[in-house]
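Enquirer: Take this structure, written in C-alpha cells, and hold onto it; I'll ask about it next.
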Amino acid sequence: MAFPSAPSTLWSVSLLTVLFAAAVHGNIIDDDDPMQPVTSDETVSVGGTVTLTCRVAESDNSSLQWSNTAQQTLYFGAKRALRDHRIQLHFSSSVELSIDIGEVQLSDEGEYTCSLFTMPVRTARATVTVLGVPGKPQILGFENAVSEGGTVTLTCTSTGSKPAASLRWYKGNQELEGHTELVESDPDELTSNVSSKLTLEVSRGDNNELITCAVVHPSLAPGDKRSEQALRVLYSPDVQILPESHLPREGEKFCLQCLGNGNPEPAEYKWDKKDEVLPPQAKVDGAHLCFESLNKSDNGVYLCYADNGIGNSQGEFTLLVQVTVGLIGVYTFTENIPDPTAMSTSSGVDHAVIGGVVAVIVFILLCLLIVLGRYLIRHKGTYLTHEAKGSDDAPDADTAIINAEGGHSGAEDKKEYFI
C-alpha cells in the first residue's frame with residue numbers, strides 16, 4: 001500500500017486551513033465594516049404582513065439580495081426573482097433593500113438571509129416568528145339550569161394558537177381562580193388547542209350573572225377574543241306581603257298582595273289566617289286577598305304560601321283595623337291601634353289631638369260664660385221714683401199737681417237711675 005509523501009501532505013493541510021479561514025471570515029460580522037448588512041428579527045401574526053429590511057452603511061454599488069428559508073432568492077436588488085404574489089418590493093437603493101411578505105402563513109416562519117455580493121460575500125440573517133392567532137373561545141356547561149346550592153362545571157376551549165394561549169375566567173368584573181388548563185399540540189397545523197375547566201357553587205344571587213372566558217395571547221389585544229354566558233340558577237321563592245294601604249280603616253275595602261320572588265316564578269299561591277279560618281268576606285284571587293268592607297273582627301295574622309316547583313315559602317302580615325269613633329255629634333276621631341307592620345301612625349298622637357280638641361272646646365265655653373255674665377251685669381238697672389213733697393197734704397188733685405209743679409226748686413225731681 002502506497003502512502004503520500006510528506007511534502008504532499010503538508011500542502012494539503014495548508015490548503016484546508018486556508019479554505020477554513022476563508023469560510024470563517026465570511027461568516028464573522030465585523031461591526032466596524034461599513035459594508036456589513038444589518039437586519040432585524042420580526043414577529044407577525046398569521047394573515048398579517050411583515051417587512052424585512054436590509055441596510056448597509058456604505059456601498060460600492062454591489063447588489064443586495066433577500067433569500068427565504070429554503071435559500072431561494074426572493075429579490076436581487078429591485079428585480080423579482082421568485083414568482084409569489086405575496087412578496088412585494090417595499091424599497092430599493094444602493095444601501096437598502098426592503099420587501100413585504102403579505103398573507104403570512106405558519107410555513108413562512110424561519111431565517112431569511114440578506115446578502116451583499118462583494119468579495120467576500122457579506123450576509124446577515126433575520127428570524128421571522130409567525131404567531132398562530134387563537135380562535136374565539138367556546139363555553140360549554142350551560143345546557144341546563146342549576147338549583148341553588150348546587151355546582152356547575154364549565155369548559156372553555158380555544159384552538160389554533162401558536163404559541164399556546166392561556167384562558168382566564170371572570171364573573172362580572174371579578175377574575176376567578178381555581179380552574180385547570182390543558183394544552184394539546186396539533187403537529188399537522190403547528191398550533192395548540194387549549195381548554196380550561198371551572199367548577200362553581202352557585203347561589204340565588206348568581207342567577208343571570210355573566211361568566212366570561214377570555215383568551216390571552218401575544219397576537220391579541222386584551223379582551224379581543226372572549227365569550228360570555230349567563231348562569232341560570234333555580235331557587236325557591238322569597239315571599240313578601242304588601243298591603244294596599246298602610247292605614248286600613250273600618251268599613252273600607254282593603255287588599256293584600258303576595259309577592260313571590262323565585263326562579264321560576266311561583267305558579268301557586270295559598271292564603272290562610274294564623275290559628276283561625278279566613279273570614280267569610282275575605283276573597284282569594286291568586287296572589288291577592290281582598291276584604292270588601294273591613295271590620296274589627298278581621299284583625300289577625302294572615303299567611304301567604306307560594307310554591308314554584310323548586311320549593312315553597314311563606315310570608316305573614318299582621319292586620320289591625322282602625323276603628324272610627326264619633327265625638328259630640330260633630331267632631332270625629334279615629335281610635336288608633338298600633339301595628340308596627342301595617343300602620344305608620346301611633347295612638348299617642350291621636351290621643352293628644354283629641355285632648356287638644358276637648359281643651360279648646362272647654363276654653364271656648366268658659367269664655368262665652370264670662371262674656372255673657374259681664375253683659376248681664378252692665379245692663380241690669382235700678383229704677384227709683386221720688387214724688388214731690390206736699391202732694392200728700394193737698395186737699396184735692398188739682399192742688400197736688402200745682403204743689404208738685406211749684407216745688408221743683410226745693411224738691412228732687414222724679415229720676416231714673418241705671419247702674
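Enquirer: Does segment 296-316 hold any residues that are within 14 Å of Gly260 (Cβ to Cβ) and either touching a Ser or Thr at 6+ places or on another chain (Cβ under 8 Å) or hydrophobic (A, V, I, L, M, F, W, C) (or both), and which are they?
Expert: Passing the criteria: Leu303, Cys304, Tyr305, Ala306, Asn308, Ile310, Gly311, Asn312, Ser313.
This table checks each residue for (1) at pLDDT 95 or above; (2) over 22 Å from Ala214 (Cβ atoms); (3) more than 49 Å from the chain's Cα centre (by Cα).
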position: Ser94; (1), (2), (3): no, yes, yes
position: Val104; (1), (2), (3): yes, yes, no
position: Met119; (1), (2), (3): no, yes, yes
position: Ala124; (1), (2), (3): yes, yes, yes
position: Thr151; (1), (2), (3): no, yes, no
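Enquirer: I'm trying to understand the selection: among the residues of segment 209-231, which are among the polar types (S, T, N, Q) and closer than 23 Å to Glu42 by Cβ?
Expert: We begin by selecting, within segment 209-231, every residue among the polar types (S, T, N, Q); these are 212, 219, 227, 229.
If the condition is that a residue be among the polar types (S, T, N, Q) and closer than 23 Å to Glu42 by Cβ, then Ser219 is the only one that fits.
Enquirer: Being part of a loop (DSSP other than H, G, I, E, B) and open to solvent by less than 60 Å² (accessible area, probe 1.4 Å) is the filter; apply it to segment 41-77 and report the residue that is modelled with the lowest pLDDT. Before you say what the answer is, go through the steps one by one.
Expert: Here is the first cut: in segment 41-77, the ones part of a loop (DSSP other than H, G, I, E, B) are 41, 46-49, 56-63, 68-72, 77.
From the residues that got through so far, the ones that are open to solvent by less than 60 Å² (accessible area, probe 1.4 Å) too are 47-48, 56, 59, 62-63, 68, 77.
Working: Gly47: 95, Gly48: 96, Val56: 95, Ser59: 85, Ser62: 90, Ser63: 90, Asn68: 96, Gly77: 93.
The residue in question is Ser59.
Enquirer: Return the residue satisfying two criteria in turn: it lies in segment 78-98 and is among the aliphatic types (A, V, I, L, M) and open to solvent by less than 30 Å² (accessible area, probe 1.4 Å), and of such residues it is nearest to Val130 (Cα to Cα).
Expert: Step one: of segment 78-98, the residues among the aliphatic types (A, V, I, L, M) are 78, 81-82, 87, 89, 95, 97.
Filter once more, so that each one left must be open to solvent by less than 30 Å² (accessible area, probe 1.4 Å): 87, 97.
Numbers: Ile87: 16, Leu97: 22 Å.
This residue is Ile87.
The values are calculated or read from the model by the stated rules, or taken from the named source; none is laboratory data. Just so it is clear, the model here is predicted, and its values are computed rather than measured. As a convention, Cβ positions derive from the backbone with ideal geometry for all residues, glycine included, and neighbour counts pool all protein chains shown. Heads up: the accessible areas ignore ligands, DNA and RNA and are worked out on the full protein's heavy atoms, side chains in. Shrake-Rupley method; radii C 1.70, N 1.55, O 1.52, S 1.80 Å.
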